[in-house]
Structures are given as C-alpha cells and as structure tokens.
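Down below is the structure, laid out as structure tokens.
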Amino acid sequence: MKWESIFLLLAGSCAAVGIKVAMDTSTLTGYTTSLVLLAWSGVFLHIWSLQPAHNLPFFVVLKMYFQQRIISTVGNFILWRFNSLCRDVNSAQTKTLFKLLKLGQDSVYGRDFNLAAITSVAEFRSRMRLTEYNDYKPYIERCLAGEENIFFKQEVDFFAATSGTTSGRSKLYPINVKANSSLYGPYFVIPLSTALSAAPKLRKLRLSEYMMIPAKKMKTEIGVSKGSVSMTFLRHETYYCTPKVANDIYSEHESQYVHMVFALRERDLGAMYAMTSTAVLQVLTLVEQNWRRLVRDIRRGELDEDLEIAQDVRESLNSHLTPLPERADKLEEIFRSGCKDMVPRIWPHLGGISSICTGTFALQAKLTRERYLGDTIPLYSFCHMSTECMYGTIVYTGSLCDPDTCAERDDYVILPGMNFYEFIPAEHTEDEQPDTLLAHQVESGKDYELVVTTPRGLYRFRSGDMVRVCGFSGNTPRYKMLQRRGDILNVYLEKVPEFVVREAIAEASTQWTSGKLVNFVSTENIHVDTATGTRSDALYYVIFVETDPGKPLLAKEESSVRIKTQGHFSTEVSLQFAA
C-alpha cells in the first residue's frame with residue numbers, strides 16, 4: 001500500500017471537513033470538533049512527510065509516530081533539566097549524594113554503616129572507604145539467600161551478572177527490574193531524542209533491526225532470575241524486521257544469520273541496533289562470508305536447512321517469509337560487485353547503527369566503518385553503562401559524528417542527578433585508598449578512574465574504568481573511555497595503556513595487504529612462557545594478531561606495528577599471529 005497517498009488524502013480530508021465545520025457552526029462543540037480535525041490533519045501531513053514504509057500496518061505507523069513524538073517532547077524536557085544540573089555540578093552533586101544516602105539509610109547496609117548520621121560531603125568521603133566488589137560480597141550472598149532490604153527496599157527480582165572480563169569470574173549484583181528501568185529510562189531518552197534531532201533519516205517511519213542475541217534464562221538457588229543486565233531492557237517492537245520468535249534462538253551464529261535474513265529482505269530499513277560494535281562487525285562479516293546462502297533463502301522464502309534451530313521455531317520463522325526473487329537478484333548484484341562499503345548499497349535509507357563503539361569497542365567500530373559503512377552511515381553510542389550502573393550519556397548536537405574528526409562521537413557527560421562521582425587521578429590508581437577529586441575539581445586532558453555512589457546501593461565504588469576528561473557541559477565533566485584499570489603492558493615500568501597499543505595497531509593495519517585486521521591481544525612474554533611451559537631470560541611483549549583470511553603478516557607489515565608503537569615501548573616488540 002502506498003502510504004504517501006493515503007496519509008496525504010487523510011490530511012486533506014480532515015482539513016476540508018474541519019474548515020467546513022468551522023464555517024457552518026456557531027457552537028463551542030462545533031469549534032472544538034473543527035480544531036480536533038485540523039489537528040489530525042496536521043498529524044497526517046507530518047506522517048506523510050516522514051515517508052512511512054509501505055509494508056507497515058496503519059496502526060503500527062501511528063504507534064511509531066506517536067512514540068517518536070513522545071520521545072522528542074519528553075526528551076526536550078529531560079534535556080532542559082539535565083542541562084540546568086550541569087550548569088552547577090557541585091550543587092547538583094551535593095543534593096544527589098544526600099538523596100542517595102537517604103534512599104539507603106534504612107537498608108541493612110545503610111544501618112551497618114550509619115549512613116543516616118552523615119551530614120556533609122567531606123564526612124562521607126572520610127568515613128566511607130573506597131569499595132570494590134569484595135566489600136559487598138557478604139551482603140550479596142545474603143540477597144542470594146533471600147534476605148530482604150539489604151541494599152534497597154524493593155524486592156530483588158533479578159541478579160545482574162558481569163561479563164567476567166576483569167577477574168575471569170562473573171559477579172552478581174541484585175536489582176529490581178521495574179525500579180531499574182525507571183531509574184535509567186530518562187537517561188536513555190536524552191541520547192534517543194537528541195539523535196533523532198541530529199539525524200533526519202532516523203526520523204523516517206521505517207522498519208528497524210534489533211540484533212539482540214538473548215541469553216538463556218538462568219535462576220539462582222532460590223529461583224530468582226539472573227543473567228546479563230541487557231536482558232532486563234529486551235523489548236520486542238512490532239516494527240522490528242525479525243519476528244519475536246527469533247528470541248528463542250540462543251546460538252550466536254544461528255541468531256545472527258536469522259536476523260540478517262529478515263534485515264536483508266528490507267530495502268527500506270531505517271535503523272539497526274546492537275549491544276556493541278563487536279556484534280555489528282560480526283554480523284556484517286557473517287553477511288560477507290555467507291551472502292550466497294542468505295540470498296538463496298531470500299529468493300525461495302525459506303531458512304537454510306543446515307541451521308541448527310528448533311523445528312517449531314523454524315516453522316514459525318518460515319511462516320513470516322515469502323519468496324522475494326527480485327530483492328534476491330538485487331542483493332546478488334550488490335555482493336558480486338564487492339562487500340566494501342556494502343551497507344549503504346544494501347539499505348540506502350539506513351539512518352545509522354546504534355551500538356557501544358567507544359573504549360575497548362573503538363577498534364571494532366573503526367573496522368566496521370572502514371569495511372562496510374563508508375562515509376554515509378553513522379555508528380553511534382547511547383551511553384556508558386555497565387552491570388553496576390550507568391555512568392554517562394552522549395548528548396548529540398548537529399550530527400551523530402564528531403564535527404572535528406567525522407568519527408563516532410565518544411564524549412560522555414556524567415549524570416549529576418543520578419550518581420555521586422569521584423575521580424582518582426591516573427597516577428594513583430594503584431593505591432588501595434587514594435585521594436579522590438570531585439566532579440568540579442577535575443581538569444580537561446587528564447586521566448582518571450571513575451568512582452561512583454549509586455541508587456542501587458554501591459558507595460564510593462571503584463568502577464575500574466579509566467577515562468580522560470575532554471571538556472565540560474556547563475561545568476560538568478565530559479569524558480572519553482580509555483580502558484579498564486590494569487589493562488597495561490609493563491615489563492620495564494613504562495606502563496603502556498591498552499588503548500595506545502590498540503590505536504597503533506589500528507593505524508598500522510590500514511596499510512596491510514596480506515589480510516584484514518580482525519582482532520588482537522597483547523601481553524608480556526612471561527604469561528606466554530608460563531602457558532606454553534617455556535622459559536626465556538629476555539623481557540619483551542607479544543602481540544597476537546588475528547587476520548582475515550588468517551595469513552601471516554608480511555615482514556614490512558610487522559615492522560609497521562613496531563614503528564607505530566615506537567616511543568611507547570622501551571623493549572623489542574615480538575609479534576605472533578593467530579590463525
């Protein structure tokens with residue numbers, strides 16, 4: 001159905017009837033009816049201007065439109081309030097701290113540490129130690145046993161699990177799902193609404209693709225759900241390409257493949273969403289490597305038989321597929337001409353791809369943009385968030401890209417009305433109880449570890465995230481993510497951060513001809529010697545580089561990495577390669 005003509009006709013009809021009613025009436029009811037009709041005429045005209053996708057049902061178009069209007073309207077109010085807090089961060093942070101102390105003072109943890117007796121910011125910082133997970137572990141174990149009101153008064157109905165990247169073992173944090181969503185919701189609206197303002201193509205009423213790979217549902221011994229905190233935000237909309245039943249596929253490869261079958265069918269795709277740029281790179285690489293199978297499935301309207309999917313899920317997904325030979329022919333033409341910058345050719349109306357693409361995900365974001373996106377498709381982040389809390393948000397103005405570099409925006413603003421922030425200068429992060437700075441005391445261009453006090457019962461919690469202050473909104477710090485605390489190479493006390501190595505390898509890889517950079521990992525040789533049972537008296541660094549198609553680098557390409565890292569390392573860099 002051609003929605004442009006339908007909504008234009010509706011707009012004209014409502015306007016004509018509204019004007020006629022106004023001319024023919026002299027009653028309040030008549031004038032009210034006329035105004036309502038004219039208002040609907042404006043709505044239908046605005047919807048027409050947003051070019052709704054032809055394959056969306058009428059009421060889904062209306063739902064998308066009004067959701068977008070609510071996000072924009074509410075977002076403007078929340079942003080106004082946010083900006084007012086940012087103008088005086090010291091005052092905002094003082095109020096926030098006492099709000100958090102009052103919130104937690106009647107909990108078990110709050111009574112144990114007598115939070116109600118704290119009367120100043122200085123007293124809070126002197127009485128309360130800097131904390132890490134182990135400080136909360138005994139209390140979390142009591143939550144796991146079913147004890148109530150340990151950190152907050154709401155019922156614990158979910159245990160959020162960390163990825164385990166720092167310690168190798170996942171940690172659990174108790175939350176209440178509804179309270180958690182209410183807490184974070186306003187701060188999701190800020191980047192959502194500002195992104196809509198900054199990117200007109202995102203405002204078009206078109207289908208989206210949400211590349212969520214659900215984790216299997218797990219429970220604690222007392223029957224409370226646990227898993228990734230992202231599971232608590234999983235919501236399936238009627239305007240996602242992939243049917244909801246795909247959420248029952250827990251295999252990463254099969255899930256990504258199915259998402260791409262449904263996404264590739266939609267020429268008018270408006271936006272894509274994924275958790276991280278790593279997931280975006282994986283799924284687009286999957287398309288490059290499997291496009292013949294994908295095109296075949298689209299041509300015949302049926303999923304590949306070799307996919308390991310439960311039969312009932314397969315049948316349900318196949319019921320949503322119909323043969324699209326013309327679309328398959330067009331896709332085959334695109335892929336045969338090469339997969340470089342394929343995304344804007346596959347989806348010419350795509351407004352952007354949203355994922356976490358800063359900090360440790362910056363390399364994957366850069367590779368995704370260089371290989372598949374070209375210069376026209378932005379890859380943009382919403383917030384800096386972990387299992388423990390949300391730390392910051394991006395406020396988009398003018399464009400989704402950095403106006404100076406045209407790369408992804410990576411400047412987060414702290415949330416002065418939600419958390420209480422402290423900053424440990426980079427040179428003191430190895431100390432057990434270092435002095436901290438407050439939000440109004442940090443300096444632009446300097447590096448810090450974030451420390452937060454949160455509404456979920458963490459007090460002076462060392463996040464482990466290293467950031468660089470890059471400016472201010474009002475007098476509230478903006479920062480860029482660097483790496484996790486401890487992600488450094490350090491055989492001769494040079495303490496080279498992980499992000500320095502990442503940037504050097506990414507820059508060197510742009511000149512490689514033997515293969516594409518997929519990923520890398522770096523470490524001191526002592527760890528390799530221990531793992532392999534060898535012994536070396538020399539001290540050096542080992543960088544494992546994974547390339548596609550897995551060929552070893554040429555000598556000049558190995559040398560390019562040494563040249564790019566020169567000045568940061570005081571020893572020879574040894575390179576080894578993963579197949």
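The values are calculated or read from the model by the stated rules, or taken from the named source; none is laboratory data. A quick note: this is a predicted structure, and the numbers were derived from the prediction, not measured. Cβ sites come from the backbone with ideal geometry, for glycine too, and all protein chains shown count toward neighbours. The area values use the complete protein model at the heavy-atom level, side chains included, leaving out ligands, DNA and RNA. Shrake-Rupley method; radii C 1.70, N 1.55, O 1.52, S 1.80 Å.
Return the pair list, or none, for Cβ contacts closer than 7 Å from residues in the stretch 67-92 that are closer than 22 Å to Gln441 by Cα to residues that are of a type outside the set (S, T, N, Q) and surrounded by fewer than 13 Cβ atoms within 10 Å (Cβ to Cβ), at least 6 apart or on different chains.
Filtered contacts from the stretch 67-92: no entries.
Exactly one condition in (1) part of a loop (DSSP other than H, G, I, E, B); (2) within 27 Å of the chain's Cα centre (by Cα); (3) of a type in the set (D, E, K, R) is not met by Lys178; state its number.
The one condition Lys178 does not meet is (1).
Kindly evaluate Asp297 against the criterion of being part of a loop (DSSP other than H, G, I, E, B) and either modelled with pLDDT under 85 or under 19 Å from Ile346 (Cα atoms) (or both).
no
With a cut-off of at least 2 residues that are hydrophobic (A, V, I, L, M, F, W, C), touching an Asp or Glu at 6+ places or on another chain (Cβ under 9 Å) and open to solvent by less than 20 Å² (accessible area, probe 1.4 Å), name the strands (runs of 3 or more DSSP E) lying wholly within the stretch 333-426.
It comes to 420-425.
Run Arg327 past the list (1) open to solvent by less than 50 Å² (accessible area, probe 1.4 Å); (2) closer than 24 Å to Met212 by Cα; (3) in contact (Cβ under 8 Å) with a residue 60 or more places away in the chain and report the number of the one that doesn't hold.
The number of the failed condition is (2).
Being in a helix (DSSP H, G or I) and open to solvent by less than 30 Å² (accessible area, probe 1.4 Å) is the filter; apply it to the stretch 190-199 and report the residue that is nearest to Gln154 (Cα to Cα). Break it down into steps so the answer makes sense when it comes.
Within the stretch 190-199, the subset in a helix (DSSP H, G or I) is 190-198.
Narrowing further to those that are open to solvent by less than 30 Å² (accessible area, probe 1.4 Å): 190-191, 193-196, 198.
Working: Ile190: 26, Pro191: 28, Ser193: 30, Thr194: 32, Ala195: 33, Leu196: 34, Ala198: 38 Å.
Among residues in the stretch 190-199 that are in a helix (DSSP H, G or I) and open to solvent by less than 30 Å² (accessible area, probe 1.4 Å), the one nearest to Gln154 (Cα to Cα) is Ile190.
Select from the stretch 231-241 the residues that are at pLDDT below 85 and open to solvent by 20 Å² or more (accessible area, probe 1.4 Å) and list them in ascending order.
The answer is Met231, Thr232, Phe233, Leu234, Arg235, His236, Thr238, Tyr239.
Quick one: which residue in Asn83, Asn55 is out of contact with any Lys or Arg (no Cβ under 8 Å at 6 or more places or on another chain), at negative phi, modelled with pLDDT under 95 and not in a helix (DSSP H, G or I)?
So the residue among Asn83, Asn55 that is out of contact with any Lys or Arg (no Cβ under 8 Å at 6 or more places or on another chain), at negative phi, modelled with pLDDT under 95 and not in a helix (DSSP H, G or I) is Asn55.
With (1) of a type in the set (A, V, I, L, M); (2) at pLDDT below 85; (3) in contact with a helix residue (DSSP H, G or I) (Cβ under 7 Å, 6 or more places away or on another chain); (4) not in a loop (DSSP other than H, G, I, E, B) as the list, and Leu183 as the residue in question, which single condition is left unmet?
Condition (3) is where Leu183 drops out.
Kindly check whether there is at least one residue in the stretch 98-111 that is part of a helix (DSSP H, G or I), among the small types (Gly, Ala, Ser) and buried (at least 17 other Cβ atoms within 10 Å of the Cβ).
Within the stretch 98-111, one or more residues are part of a helix (DSSP H, G or I), among the small types (Gly, Ala, Ser) and buried (at least 17 other Cβ atoms within 10 Å of the Cβ).
Is the stretch 265-279 home to any residue that is free of Cβ contacts under 8 Å to residues at least 24 places away in the same chain and either closer than 24 Å to Met418 by Cα or of a type in the set (A, V, I, L, M) (or both)? Spell out how you get there, then give the answer.
First, the residues of the stretch 265-279 that are free of Cβ contacts under 8 Å to residues at least 24 places away in the same chain: none.
Looking for residues that are free of Cβ contacts under 8 Å to residues at least 24 places away in the same chain and either closer than 24 Å to Met418 by Cα or of a type in the set (A, V, I, L, M) (or both), one finds none in the stretch 265-279, hence no.
Could you please give the count of residues in the stretch 435-456 that are farther than 16 Å from Asn419 by Cβ and open to solvent by less than 10 Å² (accessible area, probe 1.4 Å)?
Result for the stretch 435-456: 0.
Determine which single condition Glu155 fails, assuming it passes every other condition in (1) open to solvent by 30 Å² or more (accessible area, probe 1.4 Å); (2) in contact with a helix residue (DSSP H, G or I) (Cβ under 7 Å, 6 or more places away or on another chain); (3) not aromatic (Phe, Trp, Tyr).
Status for Glu155: all satisfied but (2).
What are the residue pairs meeting all of these: first residue in the stretch 8-19, first residue farther than 14 Å from Ala39 by Cβ, second residue open to solvent by 60 Å² or more (accessible area, probe 1.4 Å), Cβ atoms under 6 Å, and 6 or more apart or on different chains?
Leu8/Trp48
Restricting attention to the stretch 34-67, and to residues there that are more than 18 Å from Glu4 (Cβ to Cβ) and of a type outside the set (A, V, I, L, M), which single residue is least open to solvent (accessible area, probe 1.4 Å)?
Residues of the stretch 34-67 more than 18 Å from Glu4 (Cβ to Cβ): 34-39, 63, 66-67.
This time we only want the ones that are of a type outside the set (A, V, I, L, M), so: 34, 63, 66-67.
On the way: Ser34: 5, Lys63: 74, Phe66: 78, Gln67: 50 Å².
Only one residue tops the list, namely Ser34.
Just checking, how many residues over the stretch 141-151 are within 17 Å of Asn180 (Cα to Cα) and part of a helix (DSSP H, G or I)?
Number of matching residues: 1.
Please specify each residue of the stretch 265-287 satisfying the condition of being buried (at least 23 other Cβ atoms within 10 Å of the Cβ), out of contact with any Cys (no Cβ under 9 Å at 6 or more places or on another chain) and not hydrophobic (A, V, I, L, M, F, W, C).
Gly270
Could you grab me the full set of residues in the stretch 295-318 that are closer than 21 Å to His54 by Cβ and buried (at least 19 other Cβ atoms within 10 Å of the Cβ)?
The one that is closer than 21 Å to His54 by Cβ and buried (at least 19 other Cβ atoms within 10 Å of the Cβ): Ile298.
For the stretch 188-230: of the residues being among the hydroxyl-bearing types (Ser, Thr, Tyr) and modelled with pLDDT of 80 or more, which is nearest to the chain's Cα centre (by Cα)?
Tyr210
Spot the failing condition for Leu321; the list is (1) in contact with a Gly (Cβ under 8 Å, 6 or more places away or on another chain); (2) open to solvent by 70 Å² or more (accessible area, probe 1.4 Å), and only one is missed.
Exception for Leu321: condition (2).
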